[in-house]
Amino acid sequence: MTTQPTRAGEVYERIAANVQRVVRGKPDVVRLAVAALFSEGHLLIEDVPGLGKTTLARCLARSIGGTWNRIQFTPDLLPGDITGVQVYHQHGEEFVFHPGGVFANVVLADEINRGTPKTQSALLEVMSEQRVTVDAVRHDVPRPFLVIATQNPIEMAGTYRLPEAQLDRFLMRLRMGYPSLEAEVMVIISDRAGVDPDELPAVVDIPTLQTAVAEVRGTRIDTALVRYAATLTAATRQYADVRYGASPRGSIALIRAAQGLAATHGREYVTVDDIKQVAHPVLDHRLILTPDAELRQRGAADVVADLLAKIPVPVAGAAGA
Amino acid sequence: MRTRTCWLLAASAVPGLLFAPVFGLRALVLPVVAVLVACWAAVELCERLPALRPARPALAFLLGLLALTGVSLPHTTFHGLPTVDGVRALVAGFTDSWQLTLQSTWPVRPEPELLLFVPLLVLFAAMAGIELLRWPAVAVLPSLVLVALSQAFVAVSGVWAALVALGYAAAVAGLLSSRAARGAVVPTVALCLVAGVAGAALGPGPAFSLRDSRSAPAALPRAASPLSEVATRLSNPDEVVFSHSGGVPVDRWRLVVLEDFDGVTWTPPDRYHRLGVGIGPPPEVTVPTAAHSARLTVAGSGPWLPSQAMPAAVDGVAPLVDRTTGALLAPDRAGPVEYELRWWAPEVDPERLRDSGLSTDVVPGGLGIVPPGVADLARTATGGARPTFRTALVLEQYLSREYRVATGADLPTGSGWPQLRDFLLETRRGTSEQFAAAYVVLARIVGIPARLAVGYRAPRPPAGGPVVVRNRDVLAWPEVAVTGVGWVPLDPAGAAGGDDSARSPLERVTAAARAGLPPPDRLPDPPLPPPTTSAEPGPGFDLPRLVPLVGLGLLALLAVAVLAVPVVKAVRTWRRRRLTGTRGVVAAWCEARDLLRAHGAPVTPGMTARDLAAVADRSVVDGLHRLAAGLDVALWSGAGAGGGDVAAAWSAVREIRRALARRPVGARLRAVFAVR
């Protein structure tokens, strides 16, 4: 088995290097974000304000040489602003479709929980269908299509929490977390040096990205790992503190995300560490805990961590060692 | 490698030399050193010629056998080269010598046929240890097994136990002082010392011997009882049987002692062992003893050799011996033999002998069905007195006084109840055979422990020449067991005695005791011994002896429990090291995981090597990451793992082990004995 970096690995290196010129001290988050990109999955970045959610999304969008749109969700944002509308043209005496914000390779949905449920639903439909239907006419969004949404978990007044069923559409939910002291110093210096996300060059063109995505789809994954991922997901459904566990879509997401992560490491195969590393981003937002567990301040992350510690990791073809 | 080999050979030599109480140190040193030097030569040869390395065990084995043949079996070689006889002797050393050793009195004669199994065991232990040197803690095990075996043969105790433990501990510490096994040094040395001190606490005597529980009597040849030949011999009186010469007068020589009587035949006990270098006086003889010797030349054939009651050693032949009767047996004797006999004789004064009690430890033999009238006769003969040595003398005098010795051609024969009843109640005439047999049965009826000896009286010694014993001197006599003195021969037929110059020291004392005996009607019943205060009924065990035994048992249990953990771990590691391919890499990971768990790392079933690296000590992180990389390729890439991958994984484990070896001694000790 080759140990040379794969094409997807090279693509990751280029994007990561570009993004990290602005987003300092968060290599793991950047890696997971690119893994989601490789897996053709959408990304929800959730954390308190000021940690660089939007910056990361902007950097990622700018690094890819395709089109990108930023949609700032507000209560008065309409579904038509997302999907586009049919406008009557007097000259041609016809209805012409004016595409909305989702018609781009990378869509940055900022503060998605500030939009109304109706607007959110319009976006979420596009995320799963990858097309828009207006007046019975289907309009496909460009490929690749990646939605990077951000939301603020505090200041809940005037916001509309995303329903769990719709959260399931996101491949991963990432939390930025506070940077370390060193990283924060670097952030301040880079801000003072005037590195603007919008000035970042595109380092990967769309065909190259699509080649990498195709390669990631072919990343080898052992049956034992598939079974492990399924066991992990199934265990969330039997856990005492969980009211609704992850669905089979969660298992699929786990495998796809692990393949994406393996590609960022330049590997052509998935390891158990890949699955464990993506378990929290993939599963945490798919679990609905019991009220009792929530009263005990127990989070979905605790549940997943507990399962990761308890479920034995597989050792393919090595029984008896 | 060379230093560790030296320590290993030293550790193998110690248990070999622990057989010294059986063979004597001098006899053991040369063969043991020879096989160890051969092993060293094999190792050195393989170091210099790496091509020979795969054949190292065979090379060590061959060189060891050659050295052993040269040192212990030179008579089987042809100009220094081994022969078929030598091979046969070595095979017998594997199969028979340890059994022959158990059949012998100790210390045994240092003959190759008995000794060979010790250097062979040392050779095997050294060979196995050398092959296991990669794991020094495991390499100790063969020598440890040999220690256990030597202690099963005869356990050292007292100061020797402590010294041996120190020696072994030093050798093992040297062996384990390599970096990989340094963690096992302290517990191993500590255990050796504890075992030694425990052995020392048991006292000076042998604590245990396989010979006690696995005594192996030699097979008794089919031979006519000398008792049945008494009359035959008397009918051919001038035939020379044997001659003897020595410094001390001897009045009789025994051939066999008969203890069991079923009413028809008298049979000797079946407790013969090979006579070793020498045996001391029996433990029941508490009076001082003196050593005497004589040179005997025995004519004719037959298995029985003339002997004394307490033989010490025999030079010239290698007979079987019954330590309780002193009888010597040469099963394969087909012609005349000449040998020197040394024996112990008790030294006791007549008054003390006369006042002695009879041994209560001896179980009187059988009597068969006693004919009517004989029991009354026994009580009449002893005056109804309590059984003491005086009573025994009174019974002897009664027979001497009331019965006649038969002479001439028509001699009575037989010593079963029909003949004895005729002798005692009707004819009152018999040979020494009837006198002795009658004495023994009468004595047993009144409770005197007695047995029947058959041999020869010694005629008066001629001036300046050997004493020639002929058929006419054949004699049967009874012996009674006297407390502290042993078996004292009596002479109810009055046929053994000449004048004082022909009597042995014990016979002279017995004659003096006999002379000072009061008349039978004024024979006082000796006073009863004072009642002992400890005779009250107790729980049935001796507490002061029980406490150290229980302590030792607990100590042994503790040692086993403590040792079991590192031993099981070592075996587990050994088994893991044998795995190949993907399983080999996973085994390396399991080994690293268990090592870290033993050192306190919080390991869970869901942990990968990288997870463990995240929570483990920083010193082992590199090794764990290398291991994780190897695991990823072996398990998930689909390419599997080759020999190089397995070696790399175990190299990472060694790196982790080295990092852990830098931890404090206490932490390492806890890890060695941690159950997981």
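Data for the structure
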{"quantity": "Distant alpha-carbon pairs in segment B:226-524 (separation over 24 angstrom), percent", "calculated": "48"}
{"quantity": "Relative exposure of B:143, B:504, judged by other C-beta atoms within 10 Å (fewest first)", "calculated": "B:504, B:143"}
{"quantity": "Hull volume in cubic angstrom per residue (convex hull over the Cα atoms of segment B:267-327)", "calculated": "101"}
{"quantity": "Number of Lys pairs (Cα under 29 Å; 8 or more positions apart or on different chains) in the protein assembly as shown", "calculated": "7"}
{"quantity": "Kirkwood hydrodynamic radius over Cα pairs of segment B:589-676, then Stokes diffusion coefficient at 25 °C and 0.890 mPa s, in µm²/s", "calculated": "185"}
{"quantity": "C-alpha long axis of helix B:581-598 to longest principal axis of chain B, angle in °", "calculated": "80"}
{"quantity": "DSSP-defined beta bridges in segment A:1-217 - what % are antiparallel, rounded to 5", "calculated": "35"}
{"quantity": "Computed over chain B, Kirkwood Rh from alpha-carbon pairs, angstrom", "calculated": "30.2"}
{"quantity": "Degrees between helix A:300-310 axis and first principal axis of chain A (Cα, 0 to 90, nearest 10)", "calculated": "30"}
{"quantity": "Radius, Kirkwood style, for segment A:219-313 when every pair of distinct Cα atoms is counted (Å)", "calculated": "13.3"}
{"quantity": "Segment A:258-268 - phi-based ³J(HN,Hα) in whole Hz, Karplus 6.51/-1.76/1.60, Gly and Pro as x", "calculated": "5, 4, x, 5, 4, 5, 5, 8, x, 9, 9"}
{"quantity": "Cβ-placed point charges (K, R +1; D, E -1), dipole of the protein assembly as shown about Cα centre in debye, nearest 20", "calculated": "1080"}
{"quantity": "Residue A:106 long-range amide H proximity, modeled H, under 5 Å", "calculated": "A:67, A:68, A:69, A:146"}
{"quantity": "Amide hydrogen neighbours beyond the local backbone of residue A:42, cut-off 5 Å, H modeled", "calculated": "A:171, A:172"}
{"quantity": "Neighbour-count order for B:361, B:645, fewest beta carbons within 10 angstrom listed first", "calculated": "B:361, B:645"}
{"quantity": "Nonlocal amide H pairs with residue A:131, under 5 Å, H built at 1.01 Å", "calculated": "A:141"}
{"quantity": "Cβ charges +1 (Lys, Arg) and -1 (Asp, Glu), total dipole of segment B:226-524, debye", "calculated": "320"}
{"quantity": "Positive minus negative residues near residue A:233 (Lys, Arg vs Asp, Glu; Cβ under 14 Å)", "calculated": "+4"}
{"quantity": "At R0 = 30 Å, FRET efficiency that the Cβ-Cβ distance of residue B:580 and residue B:658 yields, to 0.05", "calculated": "0.80"}
{"quantity": "B:78, B:435, B:242 arranged by Cβ crowding within 10 Å, fewest neighbours leading", "calculated": "B:78, B:242, B:435"}
{"quantity": "Diffusion coefficient, µm² s⁻¹, Stokes-Einstein with Kirkwood Rh over alpha-carbon pairs of the protein assembly as shown at 4 °C and 1.567 mPa s", "calculated": "34"}
{"quantity": "Shielding of B:627-637 by partner chains, average beta-carbon count, 10 Å", "calculated": "6"}
{"quantity": "Segment B:543-645: Rg to Rh, with Rh as the Kirkwood radius over Cα pairs", "calculated": "1.22"}
{"quantity": "Chain B: angle of helix B:136-153 to the longest principal axis, Cα-based, in degrees nearest 10", "calculated": "10"}
{"quantity": "Estimated D of chain A in µm² per second, where Rh is the Kirkwood radius over Cα pairs and Stokes-Einstein applies at 10 °C, 1.306 mPa s", "calculated": "77"}
{"quantity": "When segment A:18-174 is reduced to its Cα atoms, the Kirkwood hydrodynamic radius in Å", "calculated": "16.1"}
{"quantity": "Computed [θ] at 222 nm, deg cm²/dmol, the protein assembly as shown (DSSP H ≥ 4; -39,500 (n - 2.57); rounded to nearest 500)", "calculated": "-14500 deg cm²/dmol"}
{"quantity": "Residue among B:318, B:619, B:461 farthest towards the positive dipole end of chain B, charges placed on Cβ", "calculated": "B:619"}
{"quantity": "Sparse-neighbourhood loop sites, GluC sites (Glu not before Pro) in segment B:260-360 - DSSP loop, at most 13 other Cβ within 10 angstrom", "calculated": "B:347"}
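Taken together, the values in this text are just the output of simple stated rules run on the coordinates, not laboratory data. Just so you know, these numbers come straight off a predicted model, no measurement behind them. Cβ: placed from backbone, ideal geometry, glycine included. Neighbour counts: every protein chain shown.
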